[in-house]
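Please treat every number below as a calculation from the coordinates, not as lab data. Just so you know, these numbers come straight off a predicted model, no measurement behind them. Note: ideal-geometry Cβ built from the backbone for every residue, glycine included; neighbour counts use all protein chains shown.
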Amino acid sequence: MANKRDGIMSAIVTALGTIKTTAGYSTNLGSYVKEFRTVPVAKAVDGLTVYDRGQENVGSADQVKALTEWRLEVMVDITYTTTSAQNIRKAIADVYKAIGVDDTYSGKAHFTVPVSDEMNLIQEEKKVADARIIFHVYYRTTTFADE
């Protein structure tokens, strides 16, 4: 049986997979969504990669249920063009929109908080157009349980 963290990650990857222009988004980045990168950066395709950056107990209502803060990062990779800055901004907005549709992931989490985002555009020998979006997911777990 999958634990709660795996279930939430699966729901996040599914939500990001809906990012397509046919679904009302500005980009089609949902066509390639992965948990951690599976291709080298040099051969990366336009898409999204979700990274698990760890979690910690941030409070407990009692000795049994712990409130957990889980730090997640979504990396946006797009093909470098003269309109990369605008395209990255559209992609960032699309990620926020997709996560905001159901920030409890069908009740698996209590809520999700967007923390920050940043763009990276490099025009030198290796042209790069990407962004990093950080958000925290809060959910309750039973102390010392695999859930």
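From helices alone, the chain scores -7000 deg cm²/dmol at 222 nm; the rule is -39500 (n - 2.57) for each run of n ≥ 4 DSSP H residues, then divide by the residue total. Please identify which residues in segment 86-106 have an amide N closer than 16 Å to a label point set 7 Å out from the Cα of THR14, following the Cα→Cβ vector. Of the residues in segment 86-106, 98-106 have backbone N under 16 Å from the label point off THR14. Taking all Cα pairs closer than 8 Å and separated by 6 or more residues, the relative contact order of segment 4-141 comes to 24 percent. The chymotrypsin sites (Phe, Trp or Tyr not before Pro) of segment 69-147 that meet both conditions, a loop assignment by DSSP and at most 11 other Cβ atoms within 10 Å of the site Cβ, are PHE144.
Taking the longest Cα principal axis of the chain as reference, the axis of helix 4-16 is set at about 30 degrees. The C-alpha atoms of the chain define a longest principal axis, and helix 84-101 lies at about 20 degrees to it. For segment 4-141, the Cβ-based charge dipole about the Cα centre amounts to some 220 debye (Lys, Arg positive; Asp, Glu negative; other atoms uncharged).
The structure shown yields Cα Rg over 2.2 N^0.38 Å, and of the options [x] 1.12; [y] 1.29; [z] 1.05 that calculated value carries the label [x]. Report the net charge of residues surrounding LEU29, where surrounding means a beta-carbon distance below 10 angstrom and charges are Lys +1, Arg +1, Asp -1, Glu -1. Around LEU29, the charge tally is -1. Computed from label points 7 Å out along Cα-Cβ, the spacing between ALA23 and ARG37 is 2.4 nm.
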